[in-house]
Structures are given as C-alpha cells and as structure tokens.
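Since the structure comes first, as structure tokens, the remarks are kept for the end.
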Amino acid sequence: MNLIELLAEPLSYTFMVRALLVTIIAAVLCAVLSCWLVLIGWSLMGDAVSHAVLPGVVLAYIAGAPFALGALVFGFLAVALIGEYATPPSSRKTRPSALSSPRSSPSGWC
C-alpha cells in the first residue's frame, strides 16, 4: 500500500466524504466571515461578547439554571454596555477601549 492509497482509503466511506465536504464548507464560510468582520472593524465584538458571557454561565451553574439563560442575559448586558460606551457623540472613548471595558470587567468576577 503506497501513501496515496493510504490517504485515499477513508474517502471510500460515505460518511467521511460528507464530513470532508461539511468541513470544507464551514472553513470557507468562517474564513470569509472573519475577513469581513475584520474589514468592517467588528473583530473585537465577538471576542468581547464571548468573554462577557462566561460569568453568566458560571452564575447559571451555581444557581442551577440553564447555562444558555445565563449566557444570554450576560451577552445582552455586554452588548448594551458596548453600545452605550461606543457611541461617539457621548463618549471620548475609542472603540477598542469601549469594547475592552465590558470584556474585562465580568472576567474579574469569576
């Protein structure tokens, strides 16, 4: 058995071909989406929200509530705070500092 046959052997199974196809589609979509988010300046938004939901998940676990509920509440709270701090007329903060404030504050609570 040579190297090509060894590498092509998993593709003889239908589920492996479907898995490869789904992986390629997901990789292309994520690459295009991430490039677009960087270009429009929203690259820190996902990072800020993902870090902000962590305390919500922890508090939901402690309270015995569904994890998604805690993440949802803290996610909406983070987006509201980012929206409040990132509005240019009422704030002298720059966009990165407006995104980092709600991101780092909840992480200190854990």
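So the values come out like this:
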| quantity | calculated |
| --- | --- |
| Residue in the stretch 9-16 that is surrounded by 10 or more Cβ atoms within 10 Å (Cβ to Cβ), touching a Lys or Arg at 6+ places or on another chain (Cβ under 8 Å) and either touching a residue at least 60 places away in the same chain (Cβ under 8 Å) or not in a helix (DSSP H, G or I) (or both) present | no |
| Flag for Val57 being modelled with pLDDT of 90 or more, among the aliphatic types (A, V, I, L, M), open to solvent by less than 90 Å² (accessible area, probe 1.4 Å) and within 19 Å of Val79 (Cα to Cα) | yes |
| Filter result for the condition that a residue is outside any loop (DSSP other than H, G, I, E, B), modelled with pLDDT under 75 and open to solvent by 80 Å² or more (accessible area, probe 1.4 Å), over Arg103, Arg92 | Arg103 |
| Residue within the stretch 29-45 that is β-branched (Val, Ile, Thr), open to solvent by less than 70 Å² (accessible area, probe 1.4 Å) and modelled with pLDDT under 85 present | no |
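The values are calculated or read from the model by the stated rules, or taken from the named source; none is laboratory data. The structure presented is a predicted model; accordingly, all values stated were derived computationally and were not measured. Because the Cβ atoms are built from the backbone with ideal geometry, glycine has one as well, and the counts that use them run over all protein chains shown. What goes into the accessible areas is simple: the full protein's heavy atoms, side chains included, and nothing from ligands, DNA or RNA. Shrake-Rupley method; radii C 1.70, N 1.55, O 1.52, S 1.80 Å.
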